[in-house]
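To start, the structure itself, in structure tokens.
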Amino acid sequence: MSTDIQKNLLQYIDYNKQLVNLRSQLKDLKKETQNLENEIKEYMTNNNMDSISLKDGEIVLYTRKISQTFKKETIVEKLTEELKDSSKAEHLAESILGNKKFIVEDKIKAVIKKKNV
């Protein structure tokens, strides 16, 4: 093997080691951020706060609505198997999908002020 390819291979291995380390650090930062978000969200909720203004930006508490996921085809298929009546299964599937529930959760978001350079 030429020295160039050996150098490239060593560099490649080194970069991969760095990536593994950085991914580990990123995972730790995300975990810490999640813990902080939960504490801040609880504080803001308990104190009826929509936002907190800071020197570098703002923390905003908002509600996110998440719908449950259903595939109509799967619902109809399973209902038809059980009911042995495809028209009844179709009607029930429409009823189920029409009455979908939403999960509501509070989230926070940091709005960072842009610095003029």
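The values are calculated or read from the model by the stated rules, or taken from the named source; none is laboratory data. Note that this is a predicted model, so its numbers are computed, not measured. Cβ coordinates were reconstructed from backbone atoms using ideal geometry, including for glycine residues, and neighbour counts include every protein chain displayed.
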| If you go through region 20-38 one residue at a time, do you hit one that is under 30 Å from residue 115 (Cβ atoms), touching a strand residue (DSSP E or B) at 6+ places or on another chain (Cβ under 6 Å) and either touching a residue at least 24 places away in the same chain (Cβ under 8 Å) or of a type outside the set (A, V, I, L, M) (or both)? | yes
| query | Looking only at residues in region 65-107 that are among the basic types (Lys, Arg) and surrounded by 11 or more Cβ atoms within 10 Å (Cβ to Cβ), which one is nearest to residue 33 (Cα to Cα)? | reply | 107
| field | Single match in 26, 19, 10 (criterion: modelled with pLDDT of 95 or more, surrounded by 10 or more Cβ atoms within 10 Å (Cβ to Cβ), aliphatic (A, V, I, L, M) and more than 19 Å from residue 109 (Cβ to Cβ)) | value | 26
| note | Of the candidates 60, 76, the one satisfying the condition of being touching a residue at least 12 places away in the same chain (Cβ under 8 Å) and part of a strand (DSSP E or B) is 60
| said: I'm trying to understand the selection: among the residues of region 40-52, which are loosely packed, with under 10 Cβ neighbours inside 10 Å and part of a helix (DSSP H, G or I)? | reply: 46
| query | Does residue 110 count as surrounded by 10 or more Cβ atoms within 10 Å (Cβ to Cβ), in contact (Cβ under 8 Å) with a residue 24 or more places away in the chain, small (Gly, Ala, Ser) and not assigned by the TED database to the domain that holds residue 45? | reply | yes
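On the given criteria, is residue 105 of a type in the set (Asp, Glu) and at pLDDT 85 or above? So that I can check it myself, show each step before the final result.
Details: of a type in the set (Asp, Glu): yes; at pLDDT 85 or above: no.
No: the conditions fail for residue 105.
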| Would you say residue 62 is under 25 Å from the mean Cα position of the chain (by Cα), aromatic (Phe, Trp, Tyr) and not assigned by the TED database to the domain that holds residue 110? | no
